[in-house]
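One structure is given below, represented as structure tokens, and several questions about it will come after.
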């Protein structure tokens with residue numbers, strides 16, 4: 001009799017890494033993503049301002065970096 005071997009999807013997936021540009025375009029999603037990348041130590045927004053040159057909202061975070069969104073609404077480091 002032949003047995004079926006069913007492998008859990010947990011073993012199939014190589015990683016749960018998510019690129020910054022794949023993060024939903026909300027500040028809460030950015031905080032969750034950055035906190036995961038920071039060994040689950042909470043990252044928070046220190047200040048938010050509009051860059052006068054680009055007229056884009058910039059979010060200065062507690063990890064020492066600032067983030068904004070491009071024309072497609074995808075996050076990137078300023």
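The values are calculated or read from the model by the stated rules, or taken from the named source; none is laboratory data. The structure displayed is predicted, hence computed values, not measured ones. Here Cβ is always computed from backbone atoms with ideal geometry, including for glycine, and neighbour counts include all displayed protein chains.
Tally time: how many residues in region 1-23 are modelled with pLDDT of 95 or more and either surrounded by 13 or more Cβ atoms within 10 Å (Cβ to Cβ) or in a helix (DSSP H, G or I) (or both)?
4
Tell me, which residue of region 49-78 that is in contact with a helix residue (DSSP H, G or I) (Cβ under 8 Å, 6 or more places away or on another chain) and within 13 Å of residue 27 (Cα to Cα) is surrounded by the fewest Cβ atoms within 10 Å (Cβ to Cβ)?
76
Something else now. Which strands (runs of 3 or more DSSP E) sit wholly inside region 28-78 and have at least 2 residues that are at negative phi and free of Cβ contacts under 8 Å to residues at least 24 places away in the same chain?
45-50, 57-61, 66-69
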